[in-house]
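Peer 1: Can you read through this structure? Questions will come right after.
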Amino acid sequence: MFFHKDYNVPGPGIRPDEPEKTGPARLLQIIQLEVGSIFLLNLLFVACCIPVVTIPPAIFAMNQVIRKMMLDKPVLCFYDYRTAFRTFWKQSYAAFFLTAVPMAASGFGVWFYLIRAAENPVMYLPFLVCSTIFLVTLLSSGCLYGALGAGLPLRSALSLALALGLGKPLRPIVAAVLGYGLLAFGILELPISLIYVLALGFSVPCLLSNFFLRTLLRDHCPMPEREPWEEDSEPET
């Protein structure tokens, strides 16, 4: 009973007939209702990243739990995180190598070629190529995790992520600035920010990123009514 939840009931603390709040009020409502899960989620993520090779499924599982919060689905943090970690591990490595790897490589290329462009203007060409790759990956990364988490095949998820990131860039820009910005701040300020990083440094940036992408993803790749791991069994009562 501890690891199962009744998915036929509304989210915790919200009446079924209550109109959905928007903007900052909605964000504060989510934080108020899920503050304990946000803290626990960060601890789970940090613990699961210790073996290093588990970082991709750890990132994917965190995004899955956070997105359930965005959709006002009941969240049982440990169970949802563990099962998402085990269910989506294949998709997680695909998402990681399609986002983190090109973002890191192109980011290094931007720095490398920009320095040399001052002496050789020809270097502006690879600089522009790297900048384009970096920006495209930055804007589409959050949408890719959402599309894969909704059950889309990799090719369809990638196409949708690129279409949303480039075709509707406003929300992806805000999501990227807040999500990656807060994450970078916490890491760059170590060891001063150590307590923040261990307690909230990963789950809060993920929460803010998913918050600004929630309506975009809800309209174009809605989550299934039941998670994949719930299809073959009914929750215990």
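Please treat every number below as a calculation from the coordinates, not as lab data. Everything numeric here is computed off the predicted structure, so don't read it as measured data. So basically every Cβ, Gly included, is an ideal-geometry build from the backbone, and we count neighbours across all protein chains shown.
Peer 1: Spelling out what I want: for every residue of segment 111-119, take phi, set θ = phi - 60°, compute 6.51 cos²θ - 1.76 cosθ + 1.60 (Karplus), and round to whole Hz; glycine and proline get x.
Peer 2: 5, 5, 7, 5, 4, 7, 5, 5, 9
Peer 1: Could you calculate the contour length gain from ILE173 to LEU190, that is, 0.36 nm times the residue separation minus the distance between their Cα atoms, to one decimal place in nm?
Peer 2: Working: separation 17, 0.36 × 17 = 6.12 nm, distance 2.56 nm.
Residue separation times 0.36 nm, minus the Cα-Cα distance, leaves 3.6 nm.
Peer 1: Cα-Cα pairs above 11 Å in segment 82-124: how many percent?
Peer 2: On the way: 623 of 903 pairs.
When all Cα pairs of segment 82-124 are counted, 69 percent exceed 11 Å.
Peer 1: May I ask you to derive the relative contact order of segment 58-205, considering only C-alpha pairs under 8 Å and at least 6 residues apart, and to give it as an integer percent?
Peer 2: Working: 124 pairs, mean separation 27.8, N = 148.
Reported as a whole number, the value is 19 percent.
Peer 1: Could you work out how much longer the chain between LEU114 and ARG218 gets when fully extended? Use 0.36 nm per residue separation minus the Cα distance between them, nm to one decimal. List each step's numbers first, then the result.
Peer 2: Working: separation 104, 0.36 × 104 = 37.44 nm, distance 3.85 nm.
In short, 33.6 nm is gained.
Peer 1: For segment 78-94, what does the Karplus curve 6.51 cos²θ - 1.76 cosθ + 1.60, with θ = phi - 60°, yield as ³J(HN,Hα) per residue in whole Hz, taken in order and with x for Gly and Pro?
Peer 2: 5, 5, 5, 5, 4, 6, 5, 4, 7, 7, 9, 5, 5, 4, 5, 5, 5
Peer 1: What does the charge count around LEU162 come to, taking other residues whose C-beta lies under 12 Å from its C-beta (Lys +1, Arg +1, Asp -1, Glu -1)?
Peer 2: Details: positive: ARG155, LYS168; negative: none.
Taking every other residue near LEU162 into account, the sum is +2.
Peer 1: Taking H as built 1.01 Å from N, whose amide H comes closer than 5 Å to the amide H of LEU152, not counting residues under 5 places away?
Peer 2: none
Peer 1: Residue by residue through segment 141-147, which ³J(HN,Hα) values in whole Hz follow from phi under the Karplus form 6.51 cos²θ - 1.76 cosθ + 1.60 (θ = phi - 60°), with glycine and proline marked x?
Peer 2: Here the 3J(HN,Hα) series is 4, x, 5, 5, 4, x, 5 Hz.
Peer 1: On to the next question. Could you tell me which of LEU166, ALA104, ASN120 has its Cα farthest along the dipole of segment 78-175 towards the positive end, charges placed at Cβ (Lys, Arg +1; Asp, Glu -1), taken about the Cα centre?
Peer 2: Of the candidates, LEU166 comes out farthest on the positive side.
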